[in-house]
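Taking it in order: structure first as structure tokens, then the write-up.
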Amino acid sequence: MISIPNQQLKEIVLKEGLLDAAAFDVIVEEAARLKQNIAFTLVSKNILTEGYLYQILSKYLNIPLADLQNKTIDESVLRLLPETVSRQKRVIAFKRETDGSISVAFENPMDLETIEFLEQYLKVKVRIYLANEIDLNKGFAIYSRKLVEDFKKIIDDNIGLSIRSGKKGEDAASEVPIVAIVDNIIAYALSLHASDIHMEIFEDMVLVRYRIDGVLHEMMKIPRAVHSAIVARIKILSALKIDEHYKPQDGRFRYRIGSDEIDIRVAIMPTFSGEKIVMRLLTSSTRPLSLQEVGMLDETERIVMENIKKSFGMILVCGPTGSGKTTTLYSILNLLNRPEVNIATIEDPIEYNIKYVNQTQINPAAGITFASGLRAFLRQDPNIIFVGEIRDDETADIATQAALTGHLVLSSLHTNDAPTAVPRFMDMNVPPFLVSATLNAVIAQRLVRKICMDCIHTVPLDKELIETVRVQLKTLGIEKEYNPPSMVYSGKGCPSCNFTGYSGRIAIFEVLNVTEEIRGVIISPSFSVDKMKAVARGQGMITMFEDGLRKVEKGMTTIEEVLRVVGD
């Protein structure tokens, strides 16, 4: 994000009426404490959106926005700059003007040194535009398409070398071809922004699939002959037993790409045909996202903000594995991270390092579990406690006691929706009166794919889809009549989104705000989830499906995608 002198940014913010001078000075101190860019802090603290920030910066600096998501990048112009230069300088060359000058999108258009360097390198005049993260990533994605071709060729070439060498298993694991195959499979996945790599062995080949934006895609097939060597290589990297082939094994290792280190979790499982490998790629974002960036619309954000201002109680985020719970919790933690509070976390794994937050990784071998870590933290005088996941009765009991005795507890739970978190806690032997007394709010979420901004277009809404939506609303017990828009948005499919029509993901939410009426339902002898849902609906709670429909109308995602994720 653009780095702008404090005084200039202060003038902009004050002129726009976003903050007064004293409040801005507090933000400056907070950014310095967290070692963050001030603009980052303004966005992550929900003071303004990233889009609005760039609009006012463009107006103030008198530099036009690049807006590359709505423009075509001339690939021949883009490649006038090598990818290494483009990434290092954080610039994208995207158009040649009629006067021969080159239009360049800059992350920091006030960097005179970079401007001078580019004009000398390109030997033409440079036209300066202000770029945001989306603009830069669109350009980098075009570079990545060429990398993909290179990765496939390198993998194919090294498979041939490995087969010709005749070495197998552990003997081949440290040989250059196998090392290159594994390195490039990982690098290829990272270039496509995959979250997981699946390597599945069958009778005649090994199938490699990547999970991209939550959906598995078949990427390549590898000869079975190199499978044992690849497995051995990954076991060596993960410090697992190379000679164990009949028991599941879990491990992890770090993979360096450029100046970044990626944490990779490895799960190996014996199957009928051999050992299957799944690798989870844990890439840290440059900063925690704001609640708006993770997908919260105004009313949802308001309820969450009201509840995180409370000094005690419990806030739960619910959903299956891979639904973005941890990202939402980190966003909340970032909002709560102030000098006057002591925050302690117990996580598995630590996915993002937050300054001035005491983060602990669980380690069962050393006796550090969610329950034991939570118990130890209570002796450390915390104000806010983050428990990665409540999995068992003991953790639930300690978390409830902590929330009851003056601590704000944040955690996650595996349930299908927000209301069923209440009976789930009761199933873990937490008495209803304690659930009622400690629970502040329950957030349930799923991730849906976002429409690709490079190929977005409007389409008429299919009648069958309209009927499917109405059936789904009826299934959820929602009597409100669905009035569909005449046109909705969709992605045509283009090189930027690998011809899927989608790029990136955003969350859809439902929030159970635990009001006095809800507390009364929880402690009632005739408690039922349906009764609690009815009271919550009467107070304005919307379901994840309805939140998804709102995001469809705003052009963020499609009805098909919402139905895929939450449809019955």
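For the reader, a short list of remarks on this structure follows.
- Given charges at beta-carbon only (K, R positive; D, E negative), |dipole| of the chain in Debye: 580
- Farthest toward positive dipole pole in region 453-568 [+1 Lys/Arg, -1 Asp/Glu at C-beta], among Val535, Cys497, Thr515: Thr515
- For region 192-262, trypsin sites (Lys or Arg not before Pro) are listed when DSSP marks them as loop and at most 14 other Cβ atoms sit within 10 Å of their Cβ; the list is Lys241.
- DSSP-assigned coil residues among chymotrypsin sites (Phe, Trp or Tyr not before Pro) in region 423-519, each with at most 16 further Cβ atoms within 10 Å: Tyr482, Phe499
- In a reduced charge model with +1 at each Lys and Arg Cβ and -1 at each Asp and Glu Cβ, region 1-131 shows a dipole moment near 240 debye about its Cα centre.
- Filtered GluC sites (Glu not before Pro), region 183-221: DSSP coil and at most 15 other beta carbons within 10 Å: Glu203
- Calculated accessible area for the chain comes out at 46 Å² per residue, all protein chains present (probe 1.4 Å; ligands, DNA, RNA ignored).
- Packing here is the average count of other Cβ atoms within 10 Å per residue, and on that basis the peptides 48-55, 97-104, highest first, run 48-55, 97-104.
- Of all accessible heavy-atom area on the chain, the percent that carbon and sulfur account for (1.4 Å): 51
- Too-long pairs where the Cα-Cα distance tops 25 Å, listed order kept, from Lys45/Lys450; Lys15/Lys554; Lys492/Lys554; Lys15/Lys138; Lys59/Lys89: Lys15/Lys554; Lys15/Lys138
- MRE, 222 nm, helices only [DSSP H, n ≥ 4, -39500 (n - 2.57), over the chain, to nearest 500]: -12500 deg cm²/dmol
- Distances between placed amide hydrogens fall under 5 Å for Val357 paired with no residue 5 or more residues away or on another chain.
- Largest-first principal axis extents of the Cα set of region 264-414 (Å): 54, 36, 27
- Taking a straight Cα-Cα cut-off under 17 Å and skipping sequence neighbours fewer than 8 places away in the same chain, the lysines within cross-link reach of Lys221 are Lys152, Lys153, Lys276.
- Taking 4.7 Å between beta carbons as the limit, the unpaired Cys residues of the chain are Cys318.
- Taking all Cα pairs closer than 8 Å and separated by 6 or more residues, the relative contact order of the chain comes to 10 percent.
- Enclosed volume per residue, in Å³, of the convex hull spanned by Cα atoms of region 10-160: 151
- Rounded to the nearest 20, the Cβ-based charge dipole of region 176-302 about its Cα centre (Lys and Arg +1, Asp and Glu -1) stands at 460 debye.
- Dipole-positive endmost among Asn158, Leu9, Leu118 within region 1-160 (Cβ charges, Cα centre): Asn158
- Normalised per residue, the volume of the convex hull around the Cα set of the chain (Å³): 182
- Dipole of the chain, positive direction: furthest Cα of Asn37, Val430, Gly373, with charges on the beta-carbon: Asn37
The values are calculated or read from the model by the stated rules, or taken from the named source; none is laboratory data. Owing to the predicted nature of the structure, the values given are computational and were not obtained by experimental measurement. Note that we place each Cβ from the backbone using ideal geometry, even for glycine, and neighbour counts take in every protein chain shown. Accessible surface is based on the protein model in full, side chains and every heavy atom, while ligands, DNA and RNA are left aside. Shrake-Rupley method; radii C 1.70, N 1.55, O 1.52, S 1.80 Å.
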